[in-house]
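These notes concern the structure reproduced below.
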Amino acid sequence: MRSGLSRSILVGAALIAAVALGACRDSGNDEGKLFEISGKIFVFNYRLARATYVVTLRPLKPMGEGQVAVASFQDPAGGAPLVVEQKVWPKLDKVTLESPALTCVVKNKPYAIAISVKGADGAVLQKIDTTLMSTEDQSILPDRPLVIDQLYTANPDLVGHPDGKLPGEPKPDCSKGG
């Protein structure tokens, strides 16, 4: 009976220690942060023959009226960054930032993303820098969209080419970027 009591005390002490450790959290790292990245991915839309960056931000504090998130995505084709501005809607549980269509995305290459959250007065409230790597090359996409309208009408340019690849189709110049 004594060993059973000792075992119960030991298990109880271990549970209390585990709960105490779980409750300990370095909240100093989140101090001043308004958002954190909750997801980031390259989206390859095979049907539309396009690739985009998509980044989602999760608010860590209540969002203010008039805030905007500005994302600067590295252009895989080279040249100036692709800049997107998105209004922050205080009642939504996330902010989604999507780039314009990309060319020259290369597998396993890190691409830079810089995000600034600005207040209604234009002042920068938070900066977030990250990178994103694709698990695929953009070459997996068809040369042209497989459909041409909202009704998903088959693209007549691809008749006889079910894989979406057209012989002799000019490819984008990726020598400056990816």
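The values are calculated or read from the model by the stated rules, or taken from the named source; none is laboratory data. None of these values were measured; they are calculated from a predicted model. Note that we place each Cβ from the backbone using ideal geometry, even for glycine, and neighbour counts take in every protein chain shown. The accessibility values were calculated without ligands, DNA or RNA, using every heavy atom of the protein model including side chains. Shrake-Rupley method; radii C 1.70, N 1.55, O 1.52, S 1.80 Å.
What GluC sites (Glu not before Pro) in segment 72-174 are in a loop by DSSP, with at most 14 other Cβ atoms within 10 Å of the Cβ?
When the GluC sites (Glu not before Pro) of segment 72-174 are filtered for loop state and at most 14 Cβ neighbours within 10 Å, Glu136 remain.
Subtracting the Cα-Cα distance from 0.36 nm times the residue separation, let me have the gained length for Glu169 to Leu92 in nm, one decimal. Intermediate values should be presented prior to the final figure.
Numbers: separation 77, 0.36 × 77 = 27.72 nm, distance 4.28 nm.
Stretched fully, the Glu169-Leu92 segment lengthens by 23.4 nm.
By a straight-distance test (C-alpha under 19 Å), which aspartates and glutamates pair with Lys91 as possible cross-link partners, with residues fewer than eight away in the same chain excluded?
Excluding near neighbours in sequence, the set is Glu36, Glu65.
Where only protein heavy atoms count, and the probe is 1.4 Å, what is the accessible area per residue for segment 46-145 in Å²?
52
If the reach is capped at under 23 angstrom between alpha carbons, list the lysines near Lys165, excluding any in the same chain fewer than eight residues apart.
Within reach: Lys107.
Over segment 80-178, calculate the relative contact order: mean separation of alpha carbon pairs under 8 Å at least 6 apart, over the residue count, as a percent. Working shown, then result.
On the way: 105 pairs, mean separation 22.8, N = 99.
RCO, segment 80-178: 23 percent.
Tally Lys/Arg at +1 and Asp/Glu at -1 over every other residue whose Cβ is under 14 Å from the Cβ of Glu98; what's the total?
Working: positive: Lys40, Arg50, Lys87, Lys94; negative: Glu85.
Local charge sum for Glu98: +3.
Which order do Asp143, Asp121, Asp157 take by accessible area at a 1.4 Å probe, largest first?
Asp121, Asp157, Asp143
Counting Lys +1, Arg +1, Asp -1, Glu -1, what net charge surrounds Leu166 among other residues with beta carbon under 14 Å of its beta carbon?
Once positives and negatives cancel, what remains is -1.
About the Cα centre of segment 48-178, what is the dipole size in debye to 20, counting +1 per Lys and Arg Cβ and -1 per Asp and Glu Cβ, all else neutral?
Approximately 440 debye in magnitude.
If you average 1/r over every pair of different alpha-carbon atoms in segment 92-134 and take one over that average, what Kirkwood value in Å do you get?
Details: mean 1/r = 0.0787 Å⁻¹.
With all distinct Cα pairs of segment 92-134 included, I get 12.7 Å.
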